[in-house]
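The structure that follows is given in the form of structure tokens.
Please treat every number below as a calculation from the coordinates, not as lab data. Since we're looking at a predicted model, the values are computed, not measured. Methodologically, a virtual Cβ is constructed for each residue, glycine included, from the backbone with ideal geometry; neighbour enumeration extends over all protein chains shown.
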Amino acid sequence: MIKLFFPPSVIPFTYPWIVKRNITSSSSILDIGSGDGKFMTHILKNDRTIKLYGVDLFDPYIKQAKRSKVYKKIFKQDVRKIKFPERGFDIVLASQIVEHLKKNDSYSLIKSMERIAKDKVIIGTPNGYFPRGTFENNELQRHHSAWTAEDFRKLGYKVYGQSTKFIYGKRGLINSKPAKNLLVRSILFIISYILSPITYFLPQYSAHLIAVKKIK
């Protein structure tokens, strides 16, 4: 395996890159569903101007995220009932969270995020339903809803796509028998990345969605 000596957020059209380019330095960020903190550790690896706060309910993740030392504070709260001051943070982020909630609960969370955010809301989620059950002994990891680019557009969001759905989606080629071969998997990865500028602008064909809304 080749070890990367730069954060993944600098590789164009990757999921971390899309999130990173929508984050402004010197911002305060509330990371809803912060998990073990690894994702934001990669995102903010070289930016110490960000004031990052997390929200999670699973104690093992909270402990891991605290050890990352990228969060100023992590709040233990149910994301369906978050309580923070109006316009309390510049940016409110929910990466791979809304699909873990029932649709109505997700819509309520999004409204709360828009109330809390001063400048911007960023939401990342799979494009369509992506099945997942309990993971790492955490029942909260189970998926309960599916999202499309049109769902977010109706709420006033600009939507970007990452990766290709026909390769990395629910029924993507990556799950086929030939893809068990390392060479085939590598070829599929290369094809997906070559097509990534297209899916970035045409998110309906992507495996993941990143929805961004500027708060007026």
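Helix-only mean residue ellipticity at 222 nm, the chain, DSSP H runs n ≥ 4 weighted -39,500 (n - 2.57), per residue, nearest 500. What is it?
On the way: 8 runs with 65 residues, N = 216.
My calculation for the chain gives -8000 deg cm²/dmol from helical runs alone.
Skipping prolines and chain starts, which residues have an amide H placed within reach, meaning under 5 Å, of the one on Tyr157, given they are 5 or more residues away or on another chain?
Those lying under 5 Å, H to H, from Tyr157: there are none.
Using a Gaussian network model on the chain with a 10 Å cutoff between Cα atoms, which of Pro85, Pro197, Pro12 fluctuates the most?
Pro85
With the alpha-carbon atoms as the only input, what is the per residue convex hull volume for the range 113-216 in Å³?
On the way: hull volume 13.0 nm³, N = 104.
Cα convex hull per residue, to the nearest whole number: 125 Å³.
What's the longest piece of the chain with no exposed GluC sites (Glu not before Pro), counting a site as exposed if DSSP puts it in a loop and it has at most 14 other beta carbons within 10 Å? List each step's numbers first, then the result.
On the way: sites that count: Glu86, Glu136.
Between exposed loop sites, the widest span is 1-85.
What angle, in degrees between 0 and 90 and rounded to the nearest 10, separates the Cα long axis of helix 103-116 from the longest principal axis of the Cα atoms of the chain?
50
What does the charge count near Ala207 come to, summing +1 for each Lys or Arg and -1 for each Asp or Glu among other residues with Cβ under 13 Å from its Cβ? Working shown, then result.
On the way: positive: Lys165, Lys170, Arg171; negative: Glu99.
After counting each charged neighbour, the total is +2.
Here's something else I'd like to know. Name the residues whose placed amide hydrogens come within less than 5 Å of the amide hydrogen of Lys51, ignoring near sequence neighbours (fewer than 5 apart) on the same chain.
For Lys51, the qualifying residues are Ser27, Ser28, Ile29.
When only Cα pairs under 8 Å and 6 or more residues apart are kept, what is the percent relative contact order across the chain?
19
Let me know the Kirkwood hydrodynamic radius for the range 58-110, please, with Cα pairs as the basis and the value in Å to one decimal.
Kirkwood hydrodynamic radius for the range 58-110: 12.8 Å.
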